[in-house]
1. Working only within segment A:287-298, note down all residues that are out of contact with any helix residue (DSSP H, G or I) (no Cβ under 6 Å at 6 or more places or on another chain) and assigned to a helix (DSSP H, G or I).
2. Is it true that A:ALA136 is in contact with a Gly (Cβ under 8 Å, 6 or more places away or on another chain), over 29 Å from A:ILE63 (Cα atoms), touching a residue at least 40 places away in the same chain (Cβ under 8 Å) and part of a helix (DSSP H, G or I)?
3. Between B:VAL126, B:VAL188, B:VAL154, B:VAL169, which is among the β-branched types (Val, Ile, Thr), at pLDDT below 85, closer than 29 Å to B:ASP8 by Cα and not in a loop (DSSP other than H, G, I, E, B)?
4. Does A:PRO294 satisfy being more than 30 Å from A:LEU138 (Cβ to Cβ), of a type outside the set (Phe, Trp, Tyr) and within 14 Å of chain B (Cβ to nearest Cβ)?
5. Scan (1) assigned to a helix (DSSP H, G or I); (2) more than 29 Å from A:PRO169 (Cα to Cα); (3) of a type outside the set (Phe, Trp, Tyr) for the single condition A:ALA284 breaks and write down its number.
6. Here are some conditions: (1) touching a Phe, Trp or Tyr at 6+ places or on another chain (Cβ under 9 Å); (2) closer than 30 Å to B:GLY378 by Cα; (3) among the hydrophobic types (A, V, I, L, M, F, W, C). A:ILE183 meets all but one. Which one does it not meet?
7. Output yes when any residue across segment A:62-73 is touching a helix residue (DSSP H, G or I) at 6+ places or on another chain (Cβ under 7 Å), surrounded by 18 or more Cβ atoms within 10 Å (Cβ to Cβ) and within 22 Å of A:SER149 (Cα to Cα), and no when none is.
8. Give the number of residues within segment B:50-100 that are closer than 22 Å to B:HIS39 by Cβ, in a loop (DSSP other than H, G, I, E, B) and of a type in the set (D, E, K, R).
Amino acid sequence: MANSFSAIQIDRQKLVLLSILAAIVVAMSFLSPKFLQLSNFQNILLQLAPLIIIASAANLLMITGNFDLSIGSVLAFSAIMHAYMSKLGLPIGLSIALCCMMAVLWGISNGIMVGYLNVNPVIATMGTMYAARGFAYLIARWDGGANISAGLPSDFSDFGRTNLFGVLPIIIVFMLVTVAIFIFIEKKTVLGRFSFAIGGNRKASVLSGIKVPQMTIVLYSLVGLLAGFCGTVQVSRVGSGFPNIAEGMEFDVVVAIVLGGTSMLGGSGSTAGMIIGALIVGTAANGLNLLKVPYFYQTITKGLLLIVAVFADQTIRRRG
Amino acid sequence: MMDAGKADVLMGIKGLHKQFPGTLALDDVSFDILRNTVHCIVGENGCGKSTMIKILTGALERTKGELLFEGRAFEPKTIREAMAQGVTALYQELNVVDDLSVAENLTLGREKQRFGFIQKDADLSVLVENLRSLDDSIRLTDRVGDLSVAQRRVIEITRAISTDCKMLVMDEPTAALSEDETRRMFKVIGKLKAKGITIVYISHKLGEVFEIGDKVTVLRDGKVVETREVAEIRNSSSCNSDSDACLELVRMMLGKVVLEEYIPGSNIQALKLLEARNLKTGKLRDVSFELYKGEILGFYGLVGAGKTEVAQVLYGIDPYSGEIFVKGQSLKISSTAKALKAGITMIPEERRIGGIFGQLSIRANIPMMRMEKVLTNGIINRGKENALADGYIKGMSLATSGREKKVAQLSGGNQQKVVISKCLNRESDVLLMDEPTRGVDVGAKQEIHDIIRKLAREGKGIIVFSSELPEIMQLCDRIVLMYEGEVRTVLQNGKDIDSDRIMALVAGGEVSA
């Protein structure tokens, strides 16, 4: 195969991102003795895993020029639903499957609104964001409290806390698998190719016979599916369901994707870039944590990072 | 009356150039606009009219050249600056607020304000007087949304002339008007002239030039062909009627038709690939035609005649009534997917907007309309993709450093070849080509024509929609002439075909036996 390495072809933009990441790593290892420890890196990855999993699909969605604000809410909905159904006595596996299906339904509904009814993606998915979050609180109320922590089956946490070969947390395994699948989708499938086409030139896509609404629905469903799945893993890891879990996560996803070089206008981007973007955000946050920088400074840093990244993207585009 | 020698020039245009990346939109344009006249500007699409207006009204900066307004250098940087000096433009889109009353619309943007609050007593009297003088049927309390298009136009005009306007530039003011409303608009224009306002009038309806125009400037390919007195054209010996005079204008607009020899189609077969009966849309009126296997059918008409609309209907973009038969089977083409399934592919008019995926490589562009050809077990096979791309690059003599080049970086002609390759890969029987050589250089144009002929020989049915008469006459076996949404006639191409007659027909002349 002549091009089996195409997935890791490195262009200039990615080189810049990798240098930023390297700079952060080098700086942090001087500033904090704890930073270079293996357990710290595992920490960073554990923190980032759900984000990278969901962003894999959300990245492809953004390549089509759309995006999804309901990610955190769908994750929370799925998490609390999983806790609720498990507590009712449903087998864990069945409950996870059902939660994923419901999350896909949220995605389909986003996709129909955006793809067929031409509702602006910000508005459509913001509606879903509120609705799904509301359901999350409502389900906790059905259980009779503000969250679902007591009375879960004893094996509830087994799934999320599994370590493959005794060392690799299951969520990191899922992350690696998802990333591999999405690099494959991006490079080797019609879905991937059409995503670039739709984001690059929507009108030409329609005139070329590409079924833009259907593609939009598929991508929103994938984002929903992964958000829902991560919800079940997270709630299982934590061992209790909180309806306010992953609040604002959609913005972290956007930051990682945009930092990774995917344009908000669509048409360009890559899974590999998104991963580097996520690592930059994750490493920077971890470093600031180790340095005991107060949380609000971290938020400010994240905001500045995002603005600088988008500005750089626009400048590059205008010149290109 | 002015002395011919001392004509009172309101706006003098001298050696105006406008360079856009890749094209010279205006090339040494010079003419004078005399005070208190209606000065018409005509020309086909892309002749530079819009650029011209934009420069006159401060919306665009010139590259080179001089504008003198009332004898002084005129260099507006913005539309507002131009207005302040007395030049106002009315664009095709109406610039009124439907939900406000007539009075509110008139004072819009000129309310007296204090600390951001509107003071009610803005001075209406001048505005009201102007409005009355133009059209006394409009009441100040009417909601603008309830008025007719022409009346809304009058409100715009009132607003414009109440700001010490000396020159009013009107871009197709009658485009959306009915016959009656057009009459009304002409009356308004007459009144404006009586008030001493100079009007620059742009229209695709050539008949209007002879109804209201004093002078007319014809533009072609960014150059002035001629500026003439309208009366002089009408009274010239060859013109017996207004439609003869229109024909004279069309000749000036299109220029001398340099004909390459038409090579008759060699493989036209009796099989009817496509037949349309009585197609109707908002724009088209009972359009019927047929297309045979191996034939190149041309659609020709001036801007607005309905060529593009026919293509849009056949490709499932516009809704229509009437019947379409594909290989004898009646089909309702309600979407692009249906058109493609029926074996109809369109090469769209604007390749950048509707044709290419500029950010993607040539290799990625070509299979886009039929991915099956590059898949192995549902997965994109790079080897197949490369082979497909290389085949088209060779077959089309596409000039590129390689198949991985981004299409946006190719020249216009090569981009068009990518679009054609992409569409050919669909392997449809019927190809609709809307302006297949617009914006490509002469060499590439010839190559694209050769490709089209080759496709016809291979048995495709091809419809070429073009606003270039030489292209149509050189390429097409039969020619459908359109005028105002109607098929005027269908001509068989050959030695005895007469470009003058074609021009007369598309300008609205009578079909003689």
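1. Hits for segment A:287-298 are A:ASN289, A:LEU290, A:TYR295, A:PHE296, A:TYR297.
2. Values: in contact with a Gly (Cβ under 8 Å, 6 or more places away or on another chain): no; over 29 Å from A:ILE63 (Cα atoms): yes; touching a residue at least 40 places away in the same chain (Cβ under 8 Å): yes; part of a helix (DSSP H, G or I): yes.
The answer is no for A:ALA136.
3. So the residue among B:VAL126, B:VAL188, B:VAL154, B:VAL169 that is among the β-branched types (Val, Ile, Thr), at pLDDT below 85, closer than 29 Å to B:ASP8 by Cα and not in a loop (DSSP other than H, G, I, E, B) is B:VAL126.
4. Details: more than 30 Å from A:LEU138 (Cβ to Cβ): yes; of a type outside the set (Phe, Trp, Tyr): yes; within 14 Å of chain B (Cβ to nearest Cβ): no.
Considered against the rule, which asks whether it is more than 30 Å from A:LEU138 (Cβ to Cβ), of a type outside the set (Phe, Trp, Tyr) and within 14 Å of chain B (Cβ to nearest Cβ), A:PRO294 comes out as no.
5. Evaluating A:ALA284 over (1) assigned to a helix (DSSP H, G or I); (2) more than 29 Å from A:PRO169 (Cα to Cα); (3) of a type outside the set (Phe, Trp, Tyr) leaves (2) as the failure.
6. Only one criterion in (1) touching a Phe, Trp or Tyr at 6+ places or on another chain (Cβ under 9 Å); (2) closer than 30 Å to B:GLY378 by Cα; (3) among the hydrophobic types (A, V, I, L, M, F, W, C) is unmet by A:ILE183, namely (1).
7. Taking every residue of segment A:62-73 in turn, at least one turns out to be touching a helix residue (DSSP H, G or I) at 6+ places or on another chain (Cβ under 7 Å), surrounded by 18 or more Cβ atoms within 10 Å (Cβ to Cβ) and within 22 Å of A:SER149 (Cα to Cα).
8. Total satisfying the criteria: 3.
The values are calculated or read from the model by the stated rules, or taken from the named source; none is laboratory data. This is a predicted model, so every value here is computed, not measured. Glycine also receives a Cβ, built like all others from the backbone with ideal geometry; neighbour counts cover every protein chain displayed.
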